[in-house]
Amino acid sequence: MFTSNPFAEISASISPAVMQTYVVLMIVLVAAGTLFDMIHKGSARYFFETWRKSSSKKGAKQLDGGEVVSIAIKTGVVDVLTSGEFCNMRRRIAHLLTMYGFVLYVITTAIMIFGYPTPATATPAILPQLWWLGGLMVCVGGYWFWFFIRVDVSAEGGSPFRVMRADLFILSLLASVTLGLVWAYTQTTGCSWAGAMFGLYIIATTVLFGSVPWSKFAHMFFKPAAAFEKRVSKANGTAENLPTLSRDDPEQQKSHSMELLRDAPMNMGLGIKREPPRHY
Amino acid sequence: MPTFVYMTRCDGCGHCVDICPSDIMHIDKTYRRAYNIEPNMCWECYACVKACPQNAIDVRGYADFAPLGHSVRVQRDEQKGTIAWKIKFRNGTEKNFLSPITTKPWGTAIPKLADVPGPSQELRDSELLYSEPKFIRMDDGGLHTLKSSGLKMKKGVYY
């Protein structure tokens, strides 16, 4: 089960050309949906306007190309690859599981459909294994998020079974991946439900990739841009007008207003953040 | 129009929902991000602004004291025990403040009020407590709790 390519097995009833066209269509839907979303929300215009305003502000340091590239690399490594913007570790881990699981799952799906579409081309065992691993990672991270971490459940006391438009992405993602794994399992065991599972899997996958303008799918593109913009504004000194004074500065430590903290440790522990925001 | 959330910065952690004393910071059903459901009822207490770990909340003060071109932003860093304000006036003047919010590490100096005896008759009749309601002065048997009043807390948020 973990070493057989489910797409090669079904190539007898659905030709590889159809599967490959479907994959290309899904990619086009994502690209078109994201573009439409960006134009509709004006996010690209807002991003460039904010950057322009921030760099033309009085006192803003002009960043050179090298600094901008280094900030872009830091954004990529810290904010994108390790989801560094999350302050809560549980949310961060769930997001990393879901993100890497989805990337693994999608890439191995594409490789199996394009590179090893029929049983004639023997699929290396590692590919279906990574496909299963990716799918299971999405399921673990996704269901954990769905039942426990979602803010309307954890901070507002909403029922985990209440569904709203914001759930479109996570629900369609979980449905697509779960149905895909169930289909692969039923196909390998020769169960008669395999055909129905495949049909549901295709429906869920089409909803996932087709609903980009209405779901949170596009966040994977504009969140890195927002993180980059935040770092640029810190680097050029504007910091979105946020205060830049801090107790780390030895000059501030000596100031009159910080007299009461002269003998206090630098790490005072956690106050309101000691408990999770669950006091509903 | 008091507090508003920069939804590109909000990561949906729920700290503002938890801390708002007016119970008006809630989660948007379309984007799963925080928003102020009733700006008219906002006290501008800045609790959500200070609690937000992403600094995604700002206040749009009323125009009579907060003209266009101003900026008031705050950074509460509880691990360092400080709060910092940056106030930009419309004419370009900028003021920066840094102050402590605790002098001892959090959780180390919480007074054990249950061990302190209740107010004596003399204290109750003194100028400090004479105008307080009877249940605070412990005149009618102690503090009123939900349990003692036969009420039940309904869990969850309804809006």
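Derivation of every value follows stated rules applied to the coordinates shown; laboratory data play no part. Note that the structure is a prediction, hence the values are computed from the model and not measured. So basically every Cβ, Gly included, is an ideal-geometry build from the backbone, and we count neighbours across all protein chains shown.
Spacing of the modelled spin labels on A:I203 and A:A31, each 7 Å from Cα toward Cβ, amounts to 2.9 nm.
Identify, among A:Y105, A:F7, A:W214, the residue whose Cα sits farthest towards the positive end of the charge dipole of the stretch A:6-247, taking +1 on the Cβ of Lys and Arg and -1 on the Cβ of Asp and Glu, with the dipole about the Cα centre. Positive-most Cα among the choices belongs to A:W214. The Cys residues in chain B with no partner Cys Cβ within less than 4.7 Å of their Cβ are B:C10, B:C13, B:C20, B:C42, B:C45, B:C52. Taking 20 °C and 1.002 mPa s as conditions, the stretch A:137-280 diffuses translationally at an estimated 107 µm²/s according to Stokes-Einstein applied to its Kirkwood radius (Cα pairs). Charge tally for A:A227 (other residues, Cβ to Cβ under 15 Å; Lys, Arg +1; Asp, Glu -1): +2. With point charges of +1 on the Cβ of Lys and Arg and -1 on the Cβ of Asp and Glu, referenced to the Cα centre of chain A, which listed residue (A:P243, A:G199, A:Q129) lies farthest in the positive direction of the dipole? Farthest towards the positive pole: A:P243.
With the Cα gyration tensor of the stretch B:1-66 in hand, give its eigenvalues times 5 under a square root as the equivalent ellipsoid semi-axes, listed largest first in whole angstrom. Could the numbers behind the result be given before it?
Numbers: eigenvalues 66, 28, 26 Å².
Listed largest to smallest, the semi-axes of the stretch B:1-66 are 18, 12, 11 Å.
Positive contributions from Lys and Arg (+1) and negative ones from Asp and Glu (-1), summed over other residues with Cβ under 15 Å from the Cβ of B:G61, come out at +2.
Below 15 angstrom from the Cβ of A:V140, what's the summed charge of the other residues (Lys, Arg +1; Asp, Glu -1)? Before the final figure, lay out each step's value.
Values: positive: A:R90, A:R91, A:R92; negative: none.
For residues surrounding A:V140, the net value is +3.
Computed from the C-beta positions of A:E259 and B:K152, the FRET efficiency with R₀ = 51 Å rounds to 0.60. Convert 4 °C to kelvin, take the viscosity as 1.567 mPa s, use the Kirkwood radius over C-alpha pairs of the protein assembly as shown as Rh, and evaluate the Stokes-Einstein diffusion coefficient in µm²/s, rounded to a whole number. Value of D from the Cα-based Kirkwood radius: 50 µm²/s.
Mind putting a number on the dipole of the stretch B:1-66 about its Cα centre? Charges go on the C-beta only, +1 for Lys and Arg and -1 for Asp and Glu, and I need it in Debye to the nearest 20. Could the numbers behind the result be given before it?
On the way: 6 positive and 8 negative charges, 49 e Å.
About 240 debye.
Each of A:F47, A:M164, A:M26 was scored by the projection of its Cα onto the charge dipole of the stretch A:6-247, and the greatest displacement toward the positive side belongs to A:F47; charges sit on the C-beta of Lys, Arg, Asp and Glu. Over chain B, Cα pairs under 8 Å with separation of 6+ residues give a relative contact order of 14 percent.
Between the stretch B:78-127 and the stretch A:152-166, the C-alpha centres lie 34 angstrom from each other.
Model label points for B:K104 and A:S159, set 7 angstrom from Cα along the Cα-to-Cβ axis, are 4.7 nm apart. The alpha carbon gyration tensor of the stretch A:6-247 gives principal lengths a ≥ b ≥ c with a/c of 1.5 or higher and a/b greater than b/c, which makes the shape prolate. Ellipsoid fit via the Cα gyration tensor, the stretch A:68-113: semi-axes of 24, 17, 4 Å, each the root of five times an eigenvalue, largest first. Averaging the sequence gap over all C-alpha pairs within less than 8 Å and six or more residues apart, then dividing by the number of residues, gives chain A a relative contact order of 28 percent. Any idea what diffusion coefficient the stretch A:36-137 gets from Stokes-Einstein, in µm²/s, Kirkwood Rh on alpha carbon pairs, 20 °C, 1.002 mPa s? Using the Kirkwood radius from Cα pairs, D works out to 123 µm²/s.
Label-to-label distance for B:A66 and A:K41 is 2.4 nm, based on points extended 7 Å past Cα in the beta-carbon direction.
About the Cα centre, and with charges only on the beta carbon of Lys, Arg (+1) and Asp, Glu (-1), how big is the dipole of the stretch A:41-197? Nearest 20 debye, please.
Values: 14 positive and 8 negative charges, 126 e Å.
Charge dipole of the stretch A:41-197: 600 debye, to the nearest 20.
Computing FRET efficiency as 1/(1 + (r/R0)^6) for A:E9 and A:V78, where r is the C-beta to C-beta distance and R0 is 45 Å, gives about 0.65.
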